[in-house]
Structure formats: structure tokens, C-alpha cells
Amino acid sequence: MIIKVLGTGCKKCDTLMANVKEAIANKNSDATVEKVDDLQQILSYKVMSTPALVIDEKVVSKGKVLKTKEIEDLI
């Protein structure tokens, strides 16, 4: 599983990244986490508001910071 956090480095993006890492640890998942901050790459997902969360190339959230439990439910 590949999880991507799309964002340009704002506080919300950093919080989402931390929540993703915590969710992966809680689920004992071997998922790979990537931070995507390149605007062209973000736009390629048709995301206009960040932060966004992509799991296995599917956008599952955009424009909000998911809580750790919400991310665990998506994994």
C-alpha cells in the first residue's frame, strides 16, 4: 500500500502526515508513506485544496486533516 500526503508544507499538511504515520503504526501496516509537495503533481490528482490523502492512487480525502482513527479506517 502506498499512501501519499499532498500538500505544500503548511501546518495542516504536516499534521496530516503525522496522523498518517501514527495510523500506520497503530495498524502495524507496512504501507509506504510519501509526501508530495510539487504543485504539478498535486494538480495531476485534480486536487484544488490541500491537504489531500491518496491511498493506492485514489484520492480519499481533500481539504481537511483526517484524525488518526479516520485514517486507520481507510487503511
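Since every read-out is calculated from the coordinates, none of them should be taken as a lab result. Bear in mind the structure is a predicted one, so any value in this text is a computation, not a measurement. Because the Cβ atoms are built from the backbone with ideal geometry, glycine has one as well, and the counts that use them run over all protein chains shown.
For the chain, the C-alpha radius of gyration sits at 0.97 times the compact-globule guess of 2.2 N^0.38 Å, with N the residue count. Backbone phi angles across segment 48-63, fed through the Karplus curve with coefficients 6.51, -1.76 and 1.60 (θ = phi - 60°), yield HN-Hα couplings of 10, 10, 10, x, 10, 10, 10, 10, 6, 6, 10, 6, 10, 7, 8, x Hz in residue order; Gly and Pro are listed as x.
Evaluated with a Cβ-only charge set (Lys, Arg +1; Asp, Glu -1), the chain carries a dipole of roughly 300 debye about its Cα centre, given to the nearest 20. Here the sum of -39500 (n - 2.57) over DSSP H runs of 4 or more residues, divided by the residues of the chain, equals -11000 deg cm²/dmol at 222 nm, to the nearest 500.
Among M1, M17, the order by Cβ neighbours within 10 angstrom, fewest to most, reads M1, M17. Between the helical axis of 11-26 and the longest alpha-carbon principal axis of the chain there is an angle of about 30 degrees. Among the trypsin sites (Lys or Arg not before Pro) in segment 28-75, those located in a DSSP loop and surrounded by at most 14 other Cβ atoms within 10 Å of their own Cβ are K46, K64, K67. Note on K58 and N26: with the Förster distance fixed at 30 Å, the Cβ-Cβ geometry gives a FRET efficiency of about 0.90.
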